[in-house]
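The values are calculated or read from the model by the stated rules, or taken from the named source; none is laboratory data. For clarity, every value in this text was computed on a predicted model and none was experimentally measured. Cβ: placed from backbone, ideal geometry, glycine included. Neighbour counts: every protein chain shown. Just the protein is used for accessible areas: all its heavy atoms, side chains included, with ligands, DNA and RNA removed. Shrake-Rupley method; radii C 1.70, N 1.55, O 1.52, S 1.80 Å.
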Amino acid sequence: QTCALPISSVGEATSALALIARLRVDWPRLSILITTGTTTSAELMARRLPDGAFHQYVPVDRGAWVDRFLDHWRPDLALWIESELWPNLIHATKARGIPMALINARLSERSVAGWQRFPNLIRPTLAAFDVSADAMTIGRNSGRVRHWCVYPVCAVAWLISASHTQTGTAAGSP
């Protein structure tokens, strides 16, 4: 099975390394596909990813390119980290029935102001996630995220178990 982690920046990629390491310990047969959008983050991932994890560039968020990417990699679940939201990729992933979680999502006041110009895009994009965790439910960001109608459920392990149920494999043994 493959878990996709769409990430954008070097900072997000660095913060994802601990999660990737933990996923590889808890589910050693789970392959981790991490995507980033910069050469700097790609170089960092090439140096620091553990065995069983690999890097690809995230596709430009256009329908045909997203479809081709998903057709090729066929992830079984997707964990989105922080707030780099690619609406076409999110909606195409949801349309394929791939479980998704938004982890450690943080929307700055600037991000909220930007997304407020597109409420008909951000609401369904955030609502596409099956679960959301961490900063979505606590701290300064909770009101910002709830404003966009995301229903937080903290359970990354549940998401992985749901992926196993959907694909017919036993939980804990991808």
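Which ones in the range 116-130 are more than 20 Å from residue 32 (Cβ to Cβ) and at pLDDT below 85?
Within the range 116-130, 116, 119, 122, 123, 126, 127 qualify.
Name the residue that is modelled with the highest pLDDT, counting only residues in the range 88-115 that are within 22 Å of residue 15 (Cβ to Cβ), within 15 Å of the chain's Cα centre (by Cα) and among the polar types (S, T, N, Q).
Across the range 88-115, the extreme among qualifying residues is 93.
Are there any pairs, at least 6 apart or on different chains, whose C-beta atoms fall under 8 Å, with the first in the range 47-63 and among the acidic types (Asp, Glu) and the second open to solvent by 30 Å² or more (accessible area, probe 1.4 Å) and assigned to a loop (DSSP other than H, G, I, E, B), and if so, which?
Note: pairs meeting the criteria are 61/86.
If a residue has to be modelled with pLDDT under 85 and in contact with an Asp or Glu (Cβ under 8 Å, 6 or more places away or on another chain) to count, how many in the range 1-10 make the cut?
3
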